[in-house]
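Have a look at the structure below, then the notes.
The values are calculated or read from the model by the stated rules, or taken from the named source; none is laboratory data. Quick caveat, the model's predicted, so the values are computed rather than measured. With ideal geometry, Cβ positions are generated from the backbone for all residues, glycine too; neighbour counts draw on all protein chains shown.
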Amino acid sequence: MELTPRTSEAPTRRRRRRLPSYLVLVALVVVGGFLVVKALGSASTFYRNVDEAVAQKQSLGTKRFRLQGTVAPCTIERTGDGVAFAVTFNGVEIPVHHVGDPPEMFKEDEAVLLEGHFADDGSTTFDSNLMIVKHSEVYKANEAARLDQAAEGGKVPVSNAPVCAR
């Protein structure tokens, strides 16, 4: 049996082997933290109603935010790259230039949520590239007769909505 004391080489070898493991762990924590910060940053796009956005236009500048309002009647015009219209909320109306195809449910007097920013030219035009049409289950309750007629293939009577001159 060998009774000579061990030398201090073994612990230093372990430390040398642990160093790369620690570096990899630190790198993973840094990368993970970076990804979390980026994900939270993109999820924090602020939400404003039209009247709030207009009141805060100076502080918002051209920062990206979400704008909520109702599509104003007789304002929808197709453009080469999307659609132009106006949105309104609490009596305040602003023009919108949306790039891309609007959703199928996009129409006058429908609530929309737009993501974008005020135009770079200093006007109150809102430049949008993401549109979500908001609707609720109230539609089915309020329009039950129309839905039944549509299911039966009947014609739905024309509403008393304003007729837009084009």
Just checking, does segment 18-41 include any residue being buried (at least 17 other Cβ atoms within 10 Å of the Cβ) and β-branched (Val, Ile, Thr)? no
Assess whether Gly33 counts as being modelled with pLDDT of 85 or more and either on the phi > 0 side of the Ramachandran plot or touching a Gly at 6+ places or on another chain (Cβ under 8 Å) (or both). no
Select from segment 91-113 the residues that are assigned to a loop (DSSP other than H, G, I, E, B) and under 17 Å from Gly80 (Cβ atoms) and list them in ascending order. Gly100, Asp101, Pro102
If you go through Lys155, Lys134, the only one that is modelled with pLDDT under 90 and within 17 Å of the chain's Cα centre (by Cα) is Lys134
Where a residue in segment 103-128 is among the basic types (Lys, Arg) and its partner, wherever it lies, is at pLDDT 90 or above, with Cβ under 9 Å and at least six apart: Lys107/Val71; Lys107/Ile76
Identify, from the list Val99, Val71, Val87, the residue that is in contact with a strand residue (DSSP E or B) (Cβ under 9 Å, 6 or more places away or on another chain) and in contact (Cβ under 8 Å) with a residue 40 or more places away in the chain. Val71
